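Let me begin by presenting the structure, written as structure tokens, before commenting on it.
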Amino acid sequence: MSLDINHAFGSILAAYRNLEGLSQEDFEGAAHRTYVSDLERGLKSPTLEMISKLSERLKVHPTELVAQTFALLKTGGMGSLRPSVPYLQNKSSTADFFYTSSGKNFTPEQVEKSVILTNMTVSSLATIFYQVTDVHLFDVIDKKQIIFGSNFCL
């Protein structure tokens, strides 16, 4: 049986919900339980606003839900729902993040949030890259130099 986009999204939504240990009732305030049920059964199609609300409750970036939906449509199978890019977290409350060019300070919470969002975005890009090429993005990056302006990055 071939999945349509609503059923694929519903499967991804249910998988992330189960991964987080949430019930359909736990989406109260973002969506009614029966609406979440309809989404998971592929009976409804969510708006971008609803995808944003659901992803916030699931603690994933909205693009992750969309990328995983299209990956499921293309492959017929579900990959890992956990971001594939790990990061180190500085839990020190006394860390001083100071950007010398502008003199701006960053709090540890701001740095942590930016790292989490960056990792989610990179994971989504890696999923999309694999959908298009059937090659893992990080296998390619390890073998190439990336150029940003006049700076070389490995």
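To make sure I understand the rule: partners must be aspartates and glutamates, Cα under 18 Å from the Cα of LYS113, and not fewer than 8 residues away in the same chain. Which ones qualify?
Excluding near neighbours in sequence, the set is GLU56, GLU64, ASP96.
Within 15 Å, Cβ to Cβ, of ASN6, how many net charges do the neighbouring residues add up to if Lys/Arg are +1 and Asp/Glu are -1?
Summing Lys and Arg as +1 and Asp and Glu as -1 gives -1.
Residues with beta-carbon under 15 Å from that of LEU43, excluding LEU43: net charge, scoring Lys, Arg +1 and Asp, Glu -1?
Working: positive: ARG33, ARG41, LYS44; negative: ASP4, ASP38, GLU40.
Net of charged neighbours comes to 0.
Quick one: length gained pulling ASP26 to LYS113 fully straight, 0.36 nm per residue minus the C-alpha distance?
On the way: separation 87, 0.36 × 87 = 31.32 nm, distance 2.32 nm.
Residue separation times 0.36 nm, minus the Cα-Cα distance, leaves 29.0 nm.
Where a number appears in this text, it was derived from the coordinates with a stated rule and is not lab data. Please read all numbers here as calculations on a predicted model, not as lab measurements. Please note: Cβ atoms are built from the backbone with ideal geometry, for glycine as well, and neighbour counts cover all protein chains shown.
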